[in-house]
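Contents: one structure, followed by commentary.
The values are calculated or read from the model by the stated rules, or taken from the named source; none is laboratory data. Fair warning: this is a prediction, and the values are worked out from it, not measured in the lab. Don't worry about glycine lacking a Cβ; one is built from the backbone with ideal geometry, like all the others, and counts go over all protein chains shown. Side chains included, ligands, DNA and RNA excluded: accessible areas come from the protein's heavy atoms. Shrake-Rupley method; radii C 1.70, N 1.55, O 1.52, S 1.80 Å.
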Amino acid sequence: MTNQFIVDFLQGNLIYYISIVGLAFLLSIAGIPSIIFTAIKYRLFDSSDGHRKSHRIHISRLGGVAIFCSFTITILLFATTVNYQQANFLITSCIILFGLGLKDDLYGVGPSTKFLLQLVVAIILVVLGGFKLTSLYGVFYVWEVNAIWGSLFSIVVIIFVNNAYNLIDGVDGLAGTLGAIATLSFGIFFAIANALPYAFIAFAMFGAVAGFLKFNYSPAKIFMGDTGALIIGLVCVILAIKFIELNKIGSLPKPYFYSAPSIAVAVLIVPIFDSLRIFTIRILHKSSPFKGDRNHVHHRLQRLGFKSNKIVMVLGGFNIAMIFFAVELQRVGNFTLITLLISICIIMNAAITYAIGKRNNKNYKLIDVIFKDTFKPSLD
């Protein structure tokens with residue numbers, strides 16, 4: 001597998017990958033100063049929200065415009081080099097989310113409208129684009145799934161991950177860094193499998209996000225807003241689905257990666273686990289799972305005194321470590337590997353909860369971790 005990867009690169013694929021990343025990066029980094037200038041001129045700023053957000057000044061939330069434009073232009077230019085019709089459905093979906101996110105960033109959008117458009121996008125991708133799961137690889141001891149249940153499950157996964165990246169966007173550079181790690185990882189995985197269309201998509205998004213991050217690390221000059229977060233989340237979940245399907249057992253004499261669902265989960269682990277944890281706590285508290293609060297993992301690290309850049313380093317490093325962990329243990333099976341990944345996340349979360357408790361109360365005991373984290377999230 002590694003030798004084939006090197007051969008493919010020597011045959012010219014490396015030039016394509018570098019060109020894609022470079023073009024998307026340059027388009028993104030060149031467009032953002034103009035967006036910042038326009039935002040200042042017309043006062044298109046993010047209204048600071050003291051309850052949920054950490055910044056104290058007005059900053060434009062239109063960075064997603066640069067991400068979308070650079071990604072789309074790059075994909076359209078390089079789509080002619082490969083025969084890949086499904087890219088049309090992805091671009092169409094990105095355009096819909098771009099319009100949704102842009103309106104939300106400028107004027108706001110109601111939750112029902114946002115969910116409805118996300119549902120439409122998911123249906124387009126699953127039903128028309130064929131971006132759907134046909135097997136769970138033994139996760140929860142489920143293997144093959146029929147077309148209807150596979151489609152419904154895929155729609156739920158797309159909407160969930162799409163929102164997970166939006167929810168994790170609470171600290172300068174965090175959502176962008178996690179998105180860059182995910183797209184770069186999937187780009188490398190698809191390059192190893194010689195799946196050029198998906199590698200192109202992954203590297204195009206990586207380049208677009210990398211250019212944006214130059215202006216987004218603390219102190220941020222611009223935010224990606226819902227426009228950027230929704231598009232990054234959509235591309236990441238679509239790449240994850242295709243990565244799982246590409247390595248479906250029986251579709252090839254030998255899959256490029258074993259336990260593909262587990263590896264995909266590891267790539268998206270930070271936003272996935274954080275959203276699952278938040279939704280679970282809110283439901284147990286009998287409140288809306290979509291109600292905003294300051295109980296996300298980045299908020300909790302802030303309570304420990306971590307600055308924005310350190311939070312990005314900790315969670316980004318954790319994400320990378322989990323990816324390497326999953327790749328190294330890919331032969332242990334999906335159920336076991338996903339259980340290990342979730343267990344590590346639970347332990348990390350418990351450690352953070354314990355550290356917050358000790359910081360606020362010297363008499364805090366280890367047993368309080370479970371009680372506080374599950375039933376008293378507001379005490380954090």
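Regarding VAL82, is this residue over 20 Å from the mean Cα position of the chain (by Cα), over 24 Å from ILE201 (Cβ atoms) and surrounded by 14 or more Cβ atoms within 10 Å (Cβ to Cβ)?
Working: over 20 Å from the mean Cα position of the chain (by Cα): yes; over 24 Å from ILE201 (Cβ atoms): no; surrounded by 14 or more Cβ atoms within 10 Å (Cβ to Cβ): yes.
Taking the combined requirement at face value, the residue does not satisfy it.
Among residues of the range 137-171 being touching a residue at least 40 places away in the same chain (Cβ under 8 Å) and over 20 Å from the mean Cα position of the chain (by Cα), the one that is most open to solvent (accessible area, probe 1.4 Å) is TYR141. Of all residues in the range 185-199, those that are of a type outside the set (Phe, Trp, Tyr), open to solvent by 10 Å² or more (accessible area, probe 1.4 Å) and in a helix (DSSP H, G or I) total 5. Return the residue satisfying two criteria in turn: it lies in the range 37-79 and is among the polar types (S, T, N, Q) and either under 14 Å from ASP105 (Cα atoms) or crowded, with 17+ Cβ neighbours inside 10 Å (or both), and of such residues it is modelled with the highest pLDDT. Filtering first and then ranking leaves SER70.
Restricting the search to the range 122-133, which residues are crowded, with 18+ Cβ neighbours inside 10 Å and assigned to a loop (DSSP other than H, G, I, E, B)? Walk me through it before giving the result.
Of all residues in the range 122-133, those crowded, with 18+ Cβ neighbours inside 10 Å come to 122, 125-126, 129, 131-133.
Matches in the range 122-133: GLY129, PHE131, LYS132, LEU133.
Tell me whether the range 272-281 contains one or more residues that are among the charged types (D, E, K, R), in contact (Cβ under 8 Å) with a residue 60 or more places away in the chain and more than 30 Å from ILE188 (Cα to Cα). Even if it seems obvious, please write down each step before you answer.
So in the range 272-281, the residues among the charged types (D, E, K, R) come out as 274, 277.
Of the ones still in play, those that are also in contact (Cβ under 8 Å) with a residue 60 or more places away in the chain are 274, 277.
Next, from what is left, pick out any that are more than 30 Å from ILE188 (Cα to Cα): none.
No, there is no match, as no residue in the range 272-281 is among the charged types (D, E, K, R), in contact (Cβ under 8 Å) with a residue 60 or more places away in the chain and more than 30 Å from ILE188 (Cα to Cα).
Among the listed residues ALA182, ALA202, identify the single one that is under 18 Å from TYR84 (Cα atoms), surrounded by 24 or more Cβ atoms within 10 Å (Cβ to Cβ) and at pLDDT 95 or above. So the residue among ALA182, ALA202 that is under 18 Å from TYR84 (Cα atoms), surrounded by 24 or more Cβ atoms within 10 Å (Cβ to Cβ) and at pLDDT 95 or above is ALA202. All of SER287, SER343, SER275 fail the test of being under 23 Å from VAL157 (Cα atoms), of a type in the set (S, T, N, Q) and modelled with pLDDT under 90, apart from SER287.
Please verify whether the range 74-84 includes one or more residues that are closer than 18 Å to VAL121 by Cβ and not hydrophobic (A, V, I, L, M, F, W, C). Talk me through it step by step, then tell me what you get.
Step one: of the range 74-84, the residues closer than 18 Å to VAL121 by Cβ are 75.
Adding the requirement that they be not hydrophobic (A, V, I, L, M, F, W, C) leaves none.
No - not one qualifying residue is present in the range 74-84.
Taken over the range 290-322, the criterion of being assigned to a loop (DSSP other than H, G, I, E, B) and at pLDDT 90 or above is satisfied by HIS296, LEU304, GLY305, PHE306, LYS307.
Could you tell me whether the range 89-110 includes any residue that is in contact (Cβ under 8 Å) with a residue 60 or more places away in the chain, under 26 Å from ASN194 (Cβ atoms), touching a helix residue (DSSP H, G or I) at 6+ places or on another chain (Cβ under 9 Å) and assigned to a loop (DSSP other than H, G, I, E, B)? The answer is no, given that none of the residues of the range 89-110 is in contact (Cβ under 8 Å) with a residue 60 or more places away in the chain, under 26 Å from ASN194 (Cβ atoms), touching a helix residue (DSSP H, G or I) at 6+ places or on another chain (Cβ under 9 Å) and assigned to a loop (DSSP other than H, G, I, E, B).
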